[in-house]
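Student: If you scroll down you'll find the structure; I have some questions about it.
The values are calculated or read from the model by the stated rules, or taken from the named source; none is laboratory data. Predicted, not measured: the structure shown is a model, and the values here were computed from it. Ideal geometry is used to build each Cβ from the backbone, glycine not excepted, and the neighbour counts take in all protein chains shown. The protein model used for the area step is the full one, side chains on, heavy atoms only, and it has no ligands, DNA or RNA in it. Shrake-Rupley method; radii C 1.70, N 1.55, O 1.52, S 1.80 Å.
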Amino acid sequence: MGKLSLYNKTFAQLDEYLTALTVYWLFEAFHYKDYPWHETNPALSDFLDNLSEQELQHYQQFPDQLTPFLYPFIKSLRPLTDDLFTVNKLTSITEDLPFWLSTGIKGRKWSQISAFADQVESDLNIIEWCAGKGHLGRLISWQKKLPVLSIEWQQTLCDVGESQAKKQQVQQIFKQADVLKGQADSCINTGSHVISLHACGDLHLHLIKLAKQKKPQQLTISPCCYHLTEQSIYQPCSLLAKKSSLILSKQILKLAVSKQITTGKRQSRLSETEVLWRLAFDECQKYCLQTERYCPLPSFPKKLLTGEFKAFVLWAMHKKSLTFTLPEMLQPFLVLAESRLKKVRRMELISQFFVRPLELWLVYDRVLALQESGYQVKLSTFCASQITPRNLLIEAQL
Ligand SMILES: C[S@@+](CC[C@H](N)C(=O)[O-])C[C@H]1O[C@@H](n2cnc3c(N)ncnc32)[C@H](O)[C@@H]1O
């Protein structure tokens, strides 16, 4: 079977799977007081409520061990290791690189960059799309002795990249451009190989749409942050995905990138407090304003979490331009939030089974769109998920 029909078939299977089980993942846990399936699958709710905190933490870490216990409640659940969610793994050459090439690049970022660079086979002009400081482009230029044009929106990053390229004597130049305004469209032509490492949402989508028109010879793209988009509802790129009945809001798209690498105990303690305080504030505003509507808060400096809860509530009221008289005792809202948080964590235990399937659905949509534009496309992973969970790599060639 050719790649075209193979990827079509995989996408259709993913779509069917995700569509059939939306009740287990297509929701925003913070908006719910009880499980979205509490009426349709009370036995699953009971099972989750009976999990101890220790068990919860264990299964958060080792979700696959939970799968056999979930089968009685969700018969069509597939394990995370299911063939449908498995893509070809690329191997790295692990060439010893001189230490000075990685100056100023953190360990994990360097591992991503060198693994990505290993997959770039080219003698074409390389265009690095949304390059940051152009670390990837610099390494590729050095390794393959190729000219690289790195496109980046922030002038300061262009300046840093340009000065490092000069120091390391590589053929890399920078262009400051806003790719979403089409300011880099003219850089791409049929002789280009465009590489893009973790250009967020619309940034890589623009490139995929542009490829249809400009026909660069090759593209190597590792997508990320699917939710960083202008569209409030996801607009599929491929014909097959346009036929899907899934309606994905920006908030739901966040689920696809919710598998993060956890870093250290302090951070996870802070993030637990952050969720608790967000929920407690929500309980407080619901009580004071006599509403049932969830009140989302923007991101905030983590320093706020080290102060008093009352100060956080006052900050949140100010941010949301809410005016109400605060009750003297705020502790009851924290207690209510504790019990909501318990449910939220258990909802996430279920929805995490759909994180990779959803990401794959989104990435196959991009793959199919490129195939429709005439490319031969290969989807693989270019590094281990411990190095970056955003490890999918789309390689397209005309
Ligand atoms: C997640 S970073 C990835 C950087 C780099 N490719 C890497 O992997 O380290 C995304 C980059 O896109 C740049 N960017 C954001 N909006 C852009 C735009 N409209 N046009 C061009 N670059 C943009 C950001 O400044 C940032 O450097």
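Student: For region 292-340, which residues satisfy the criterion of being open to solvent by 40 Å² or more (accessible area, probe 1.4 Å) and either of a type in the set (Asp, Glu) or under 16 Å from Lys33 (Cβ atoms) (or both)?
Tutor: Within region 292-340, Glu292, Arg293, Pro296, Glu308, Glu328, Pro332, Val335, Leu336, Glu338, Ser339 meet the criteria.
Student: OK, next. Please indicate, with yes or no, whether at least one residue in region 210-224 is more than 24 Å from Lys89 (Cα to Cα) and within 13 Å of the ligand (Cβ to nearest atom).
Tutor: Within region 210-224, one or more residues are more than 24 Å from Lys89 (Cα to Cα) and within 13 Å of the ligand (Cβ to nearest atom).
Student: If I go through region 7-35 residue by residue, how many of them are open to solvent by 30 Å² or more (accessible area, probe 1.4 Å) and either among the aromatic types (Phe, Trp, Tyr) or farther than 21 Å from Leu80 by Cβ (or both)?
Tutor: Selection size over region 7-35: 7.
Student: Any residue that is polar (S, T, N, Q), modelled with pLDDT under 95 and over 27 Å from Gln251 (Cβ atoms) - is there at least one of those in region 302-322?
Tutor: Yes: region 302-322 contains one or more residues that are polar (S, T, N, Q), modelled with pLDDT under 95 and over 27 Å from Gln251 (Cβ atoms).
Student: Determine whether Leu80 is away from the ligand (no atom under 13 Å from the Cβ) and assigned to a loop (DSSP other than H, G, I, E, B).
Tutor: Yes: the conditions hold for Leu80.
Student: Determine if region 14-23 includes at least one residue that is outside any loop (DSSP other than H, G, I, E, B), at pLDDT below 95 and within 21 Å of Ile247 (Cα to Cα).
Tutor: No: region 14-23 contains no residue that is outside any loop (DSSP other than H, G, I, E, B), at pLDDT below 95 and within 21 Å of Ile247 (Cα to Cα).
Student: Against the conditions (1) surrounded by fewer than 17 Cβ atoms within 10 Å (Cβ to Cβ); (2) more than 10 Å from the ligand (Cβ to nearest atom); (3) under 27 Å from the mean Cα position of the chain (by Cα); (4) under 25 Å from Trp100 (Cβ atoms), where does Gln154 fall short? Just the number, please.
Tutor: It fails just one condition, (2).
Student: Of the residues Gln57, Gln112, Gln65, which single one is in a helix (DSSP H, G or I) and open to solvent by less than 80 Å² (accessible area, probe 1.4 Å)?
Tutor: Step by step, each of Gln57, Gln112, Gln65 is checked, and only Gln112 is in a helix (DSSP H, G or I) and open to solvent by less than 80 Å² (accessible area, probe 1.4 Å).
Student: Could you list all residues from region 89-145 that are more than 16 Å from the ligand (Cβ to nearest atom) and touching a residue at least 60 places away in the same chain (Cβ under 8 Å)?
Tutor: Lys89, Leu90, Ser92, Trp100, Ser122, Leu124, Asn125
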